[in-house]
Amino acid sequence: MADNNKLFGLEPETGRWAFVLSGLIMNLCLGTIYAWSVFRNPLRDFFSTAEVKITAVQTLSPFIVFLVVFTILMPIAGWILRREMIHPRTLSIIGSVIVAAGWILSRYVPNVFSLNLTYGIIAGAGVGIVYGIPIAVVTRWFPDMKGTAVGITVLGFGVSALITAPMAVALIKVEGILPTFMYLGYFFLAALVLLSLVLKFPPAGWLPAGWKPTAGAGTAVSFTPSEMVKTSSAWGLWLCFIIGSLSGLMAIGISSSVGQEIIKLDATTAATLVSFFAIFNGGGRPVFGWLTDAIGPGKTAALSFALVLLASLLMILFAGEGKLILFAFSFACFWAALGSWLAIAPTATATFFGIKNSAANYGVIFSAYGIGAIAGGLIAAFAKDVYGSYMNAFYITAGLAVVGIIVALTLMKPPKTVS
């Protein structure tokens, strides 16, 4: 800041993009959860003995615990931000240290179960604290283009696996599985703390030069979380977010397995496609963020569900051995649809219920992500264990997509203002 009218030595309308860049890079670190699959087999091999065989459930459980704890901590951090109990920079640094501690402590676990504590609970809690802070900061600095700015910010979370998965694989080959947790932890500590230092909210009442808020810009309303949950708009958004998260996270969890078991791909090709899908998970965020600004949250959500419906029907009707292009297209749609919700949901929250309390309000809405993660995993596991194939899960995602389209077009509308 050169003076009170400058931001990083630039006009605020230009300097504010530094918050987007900082948030994007922070999300590249936080989104390493999407690379968990590259840790599972090395963990199984490291901890398995002649007497004890590590199961798939045991290597998957830290991932699930992480997502649940992540979801729980989001609204708590949002509540702290809303109350302005602590500066966003300070809270982000605290969360960053917790993220790093979880990764570093994972270096010293005596068994795979202990990763539920170090990686699942500790690292998951840290990510839950940090994740919403760049979103809240960017939302306040970009009242004129919330969807686009937030979409670019969370792009990093979606494409993280493209960078962190190869990094982790290389470290595992050279250093071993447990030291890899430690090295990544130290890297995240340095990167996240340094990037947190730039975070701050704009002065009260700040608006971009020459921009005047419209009725749907989120500056004329200010719902608290308790007021928000009394509206049909909040329940419609929450339900749609559950459906979008369920379909997308289920697809992420079974992408490689479906490729190998149904399309009959080899493991290397299936793994390569997972990296390809991550591009759509990341790219869906700025694209659907821009669409949310352009046509509104409800219509954008309906388009996202249309992708899920199309992908589900293609898999149900045509999937089979050798259908590589169909598989790649269908799962790209699933991954893009999941990415879309990480832009639609925070933007819709700020648009419908106001920018001032957006961090706390989005923390409440974000509980849908955790519910979707658990439900999606259970649906996929049920389809496989009961029917012997993941194919039956696509009937459920198709049906839910239809429900989602109806709810999005009927309930995802601005609520009546607080009297």
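Across the range 1-204, how large is the tail of the calculated P(r) beyond 29 Å, expressed as a percent of all Cα pairs? Looking at the range 1-204, the distances longer than 29 Å represent 27 percent of pairs. On C-alpha positions alone, give me the angle between the axis of helix 88-105 and the longest principal axis of the chain, in degrees, nearest 10. With both axes taken from Cα atoms, the answer is about 10 degrees.
Run lengths n ≥ 4 of DSSP H only: what is the helix-derived mean residue ellipticity at 222 nm for the chain, with -39500 (n - 2.57) per run over all residues, to the nearest 500? Working shown, then result.
Details: 16 runs with 305 residues, N = 419.
Result for the chain, helices only: -25000 deg cm²/dmol.
Counting neighbouring Cβ atoms within 10 Å and putting the fewest first, the residues TYR362, TYR119 line up as TYR119, TYR362. The peptide list 204-211, 236-243, put in order of mean Cβ contacts within 10 Å with the highest first, becomes 236-243, 204-211. Placing unit charges on each Cβ (+1 for Lys and Arg, -1 for Asp and Glu) gives the range 218-419 a dipole about its Cα centre, and among LEU309, TYR369, CYS240 the Cα reaching farthest toward its positive end belongs to CYS240. Relative to the longest principal axis of the Cα atoms of the chain, the long axis of helix 177-196 lies at roughly 10 degrees.
Assign one of three labels to the chain, namely rounded, prolate or oblate, based on the Cα gyration tensor with a ≥ b ≥ c the square roots of its eigenvalues; rounded applies when a/c is under 1.5, prolate when it is not and a/b is larger than b/c, and oblate otherwise.
Details: a/c = 1.91, a/b = 1.26, b/c = 1.51.
Taking the square roots of the gyration eigenvalues as a ≥ b ≥ c, the chain is oblate.
For the range 356-401, the alpha carbon convex hull comes to 61 Å³ per residue, rounded to a whole number. Assign one of three labels to the range 224-340, namely rounded, prolate or oblate, based on the Cα gyration tensor with a ≥ b ≥ c the square roots of its eigenvalues; rounded applies when a/c is under 1.5, prolate when it is not and a/b is larger than b/c, and oblate otherwise. Verdict is prolate for the range 224-340. Over all other residues within a Cβ to Cβ distance under 14 Å of THR351, the charged ones net out to +3, with Lys and Arg as +1 and Asp and Glu as -1. For the range 299-306, backbone phi angles converted through the Karplus equation (6.51, -1.76, 1.60; θ = phi - 60°) give residue-by-residue couplings of 5, 5, 4, 4, 5, 4, 5, 4 Hz, Gly and Pro being listed as x.
What net charge is computed for the residues neighbouring ILE263, neighbours being all others with C-beta under 13 Å from the C-beta of ILE263, Lys and Arg scored +1, Asp and Glu -1?
Working: positive: LYS264, LYS323; negative: GLU261, ASP266, GLU321.
Around ILE263, the surrounding residues sum to -1.
Evaluating 6.51 cos²θ - 1.76 cosθ + 1.60 at θ = phi - 60° for every residue in the range 243-254, the Karplus couplings come out as 4, x, 5, 4, 5, x, 5, 4, 5, 4, x, 10 Hz, glycine and proline recorded as x. Roughly how many Å is it from the Cα centre of the range 246-317 to that of the range 61-83, as a whole number? Using only Cα atoms, the two centres lie 24 Å from each other. In the chain, the longest principal axis of the Cα atoms and the axis of helix 37-47 are about 50 degrees apart. Shape call for the range 27-146 from the C-alpha gyration tensor, a ≥ b ≥ c root eigenvalues: rounded (a/c under 1.5), prolate (a/b greater than b/c) or oblate? Cα axes put the range 27-146 in the prolate bin. Candidate cross-link partners of LYS146 among the lysines, defined by an alpha-carbon separation under 17 Å and a same-chain spacing of 8 or more, comprise LYS200, LYS212, LYS299, LYS356, LYS413. Each 10 Å bin, from zero up to the one with the longest distance, holds this percent of the alpha carbon pairs of the range 109-267: 7, 23, 32, 23, 12, 3. The peptide list 389-399, 339-349, put in order of mean Cβ contacts within 10 Å with the highest first, becomes 339-349, 389-399. What lysines sit close enough to LYS323 to cross-link, taking a C-alpha to C-alpha distance under 26 Å and skipping anything fewer than 8 places away on the same chain? Excluding near neighbours in sequence, the set is LYS264, LYS384. Between the alpha-carbon centres of the range 355-419 and the range 118-183 there is a gap of 22 Å.
Expressed per residue, the C-alpha convex hull volume of the range 218-419 stands at 102 Å³. Annotation: amide H-H contacts under 5 Å for LYS6 (H modelled 1.01 Å from N, sequence separation of 5 or more, or interchain): none. Taking the inverse of the mean 1/r over every pair of distinct Cα atoms in the range 1-46 gives a Kirkwood hydrodynamic radius of 13.3 Å.
Every read-out reported here was derived from the displayed coordinates using simple, explicitly stated rules and does not represent laboratory data. Remember, it's a predicted structure, so these values are computed and weren't measured experimentally. We place every Cβ from the backbone using ideal geometry, glycine too, and count neighbours over all the protein chains shown.
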